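Peer 1: One structure is given below, represented as structure tokens, and several questions about it will come after.
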Amino acid sequence: MTDVRKTIYCALQMYRGDNLARARHAWKSCTPAQMQETYGHSGRTRAAILADYEQHEADIDAALRWLEAHND
């Protein structure tokens with residue numbers, strides 16, 4: 001892997017973050033009803049926040065797959 005590709009790969013991994021893992025851990029004992037309640041001052045439900053974190057991870061995974069597929 002070239003230095004530039006390695007840098008991009010590492011940057012994507014850092015951009016992924018750990019929000020999804022932390023949210024899953026924090027809310028693992030929540031009931032489905034609690035997941036639909038507004039969370040804190042966010043104005044959003046836990047389920048909506050979790051869905052956004054899942055989409056973010058899916059986007060990062062797609063970018064990493066693209067990077068691997070374009071190994072010029």
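Peer 1: Please specify each residue of the stretch 33-52 satisfying the condition of being part of a helix (DSSP H, G or I) and over 30 Å from Leu67 (Cβ atoms). Talk me through it step by step, then tell me what you get.
Peer 2: Quick first cut of the stretch 33-52, residues part of a helix (DSSP H, G or I) only: 33-35, 46-52.
Result: Ala33, Gln34, Met35, Arg46, Ala47.
Peer 1: Let me ask you something else. Considering only residues of the stretch 14-32 that are part of a helix (DSSP H, G or I) and without any contact (Cβ under 8 Å) to a residue 12 or more places away in the chain, which is nearest to His70 (Cα to Cα)?
Peer 2: It comes out as Met14.
Peer 1: Shifting gears a bit: Please tell me if Leu67 is of a type outside the set (Gly, Ala, Ser) and surrounded by 15 or more Cβ atoms within 10 Å (Cβ to Cβ).
Peer 2: no
Peer 1: Just checking, does the stretch 34-42 include any residue being surrounded by 11 or more Cβ atoms within 10 Å (Cβ to Cβ), in contact with a strand residue (DSSP E or B) (Cβ under 9 Å, 6 or more places away or on another chain) and of a type in the set (A, V, I, L, M, F, W, C)?
Peer 2: Yes.
Peer 1: Checking Asp61 against (1) surrounded by 13 or more Cβ atoms within 10 Å (Cβ to Cβ); (2) part of a helix (DSSP H, G or I); (3) touching a Lys or Arg at 6+ places or on another chain (Cβ under 9 Å): exactly one of these is not met. Which one?
Peer 2: Against the list (1) surrounded by 13 or more Cβ atoms within 10 Å (Cβ to Cβ); (2) part of a helix (DSSP H, G or I); (3) touching a Lys or Arg at 6+ places or on another chain (Cβ under 9 Å), Asp61 comes up short only on (1).
Taken together, the values in this text are just the output of simple stated rules run on the coordinates, not laboratory data. Worth saying up front: this structure is predicted, and the values here are computed from it rather than measured. Neighbour counts are summed over all protein chains in view; Cβ atoms, including those assigned to glycine, are modelled from backbone coordinates with ideal geometry.
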